[in-house]
């Protein structure tokens, strides 16, 4: 059992999976930064709503804005983070760039705690995992020394990321199942009339059966996704259902950033067989997805 667990956690992984997680995380962080940009001084600067970080509070985490929270400093941090996110997607000094983006997430999370959302927590957790994960040269630019190790990586970073996705869905179902609106199949109906819906409408209230179908289907998909994704034979089905769920959420609700932040978690489940299957659908991509070509 010990050797099986050791192989499961520390065995060799396909470097393309790490590259997918890296690129997906960089894109998600960049989108969050662009969304944050118009409000950066209002939420983080000393002249804004919260008057910057509380320097008298105990230091519980890294916060670059404690060094300076002037509007110009906040803007400089955002510009530097945007550059780091682009370089992270390109695979140039990936660990250092991931550390810069992770430090930015920690900093704004500490300064503007009341403005945080669920996708900020996901960015923070996945950012930490990306910093401690093996860095691979696959789908990277620049000289070899700036790309990461060419050795076949251990899969522990992917496993930890997979556990995060499992815990997210487990906690989601655990919290939703006892709720009376979810149990009665009315959650989607009420949500689509709320301020969080992209186009609030009482339409589902006139089609109760359809609202109940969407409500119970959401619970079923969220409860089954961890098992589907961790089983090789059902992984494609799990990816299809998970991506479909979050695309639907992004279209119908003002939660597109949350859906985007979930993509790196899904990417961590990709294995060699999945890349080979994708390459078989598009033969020209076979040379691109070959890890031996970096």
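The values are calculated or read from the model by the stated rules, or taken from the named source; none is laboratory data. What you see is a predicted model, and the numbers here were worked out from it, not measured in a lab. Every residue, glycine as well, gets a Cβ built from its backbone with ideal geometry; the counts of neighbours run over all protein chains shown.
Of all the numbered requirements in (1) in contact with a helix residue (DSSP H, G or I) (Cβ under 7 Å, 6 or more places away or on another chain); (2) crowded, with 17+ Cβ neighbours inside 10 Å; (3) in contact (Cβ under 8 Å) with a residue 40 or more places away in the chain; (4) farther than 30 Å from residue 143 by Cβ, residue 110 misses one, and that requirement is (1). For the range 81-91, filtered to residues that are in contact with a helix residue (DSSP H, G or I) (Cβ under 8 Å, 6 or more places away or on another chain) and touching a residue at least 24 places away in the same chain (Cβ under 8 Å), the residue that is surrounded by the fewest Cβ atoms within 10 Å (Cβ to Cβ) is 86. Filtered by the rule that a residue be in a loop (DSSP other than H, G, I, E, B) and farther than 28 Å from residue 90 by Cβ, the range 12-55 gives 45, 46, 47, 48, 49, 50, 51, 52, 53, 54, 55. Candidates in the range 43-79 are the residues that are exposed (fewer than 15 other Cβ atoms within 10 Å of the Cβ) and under 25 Å from the mean Cα position of the chain (by Cα); of these, the one that is nearest to residue 30 (Cα to Cα) is 79. Consider the range 260-284 and keep the residues that are surrounded by 19 or more Cβ atoms within 10 Å (Cβ to Cβ) and outside any helix (DSSP H, G or I). The one that is farthest from the chain's Cα centre (by Cα) is 270.
Can you find even one residue in the range 4-14 that is within 28 Å of residue 260 (Cα to Cα), in contact (Cβ under 8 Å) with a residue 12 or more places away in the chain, surrounded by 17 or more Cβ atoms within 10 Å (Cβ to Cβ) and in contact with a helix residue (DSSP H, G or I) (Cβ under 6 Å, 6 or more places away or on another chain)? Scanning the range 4-14, I find at least one residue that is within 28 Å of residue 260 (Cα to Cα), in contact (Cβ under 8 Å) with a residue 12 or more places away in the chain, surrounded by 17 or more Cβ atoms within 10 Å (Cβ to Cβ) and in contact with a helix residue (DSSP H, G or I) (Cβ under 6 Å, 6 or more places away or on another chain), so the answer is yes.
Filter the range 48-66 down to residues that are at pLDDT 90 or above and out of contact with any helix residue (DSSP H, G or I) (no Cβ under 6 Å at 6 or more places or on another chain), then give me how many there are. Of the residues in the range 48-66, 1 are at pLDDT 90 or above and out of contact with any helix residue (DSSP H, G or I) (no Cβ under 6 Å at 6 or more places or on another chain).
Examine the range 96-119 for a residue that is under 19 Å from residue 61 (Cα atoms), under 12 Å from the mean Cα position of the chain (by Cα) and at pLDDT below 95, and state whether such a residue exists. Yes, the range 96-119 contains at least one residue that is under 19 Å from residue 61 (Cα atoms), under 12 Å from the mean Cα position of the chain (by Cα) and at pLDDT below 95.
Taken over the range 193-207, the residue count meeting the criterion of being touching a strand residue (DSSP E or B) at 6+ places or on another chain (Cβ under 9 Å) and farther than 17 Å from residue 181 by Cβ is 1.
Number of residues in the range 116-157 that are in contact (Cβ under 8 Å) with a residue 24 or more places away in the chain, more than 30 Å from residue 50 (Cβ to Cβ) and in a loop (DSSP other than H, G, I, E, B) equals 16. Give the residue that is farthest from the chain's Cα centre (by Cα), with candidates limited to residues of the range 218-259 that are over 21 Å from residue 276 (Cα atoms) and surrounded by fewer than 16 Cβ atoms within 10 Å (Cβ to Cβ). Looking at residues that are over 21 Å from residue 276 (Cα atoms) and surrounded by fewer than 16 Cβ atoms within 10 Å (Cβ to Cβ), I get 220. The combined condition, being part of a helix (DSSP H, G or I), under 18 Å from the mean Cα position of the chain (by Cα) and either at pLDDT 90 or above or crowded, with 18+ Cβ neighbours inside 10 Å (or both), is not fulfilled by residue 211. State the number of residues belonging to the range 188-197 that are at pLDDT 90 or above and part of a loop (DSSP other than H, G, I, E, B). Qualifying residue count, the range 188-197: 3. For the range 179-199, does any single residue satisfy the condition of being touching a residue at least 12 places away in the same chain (Cβ under 8 Å) and at positive phi? Among the residues of the range 179-199, at least one is touching a residue at least 12 places away in the same chain (Cβ under 8 Å) and at positive phi, which makes the answer yes.
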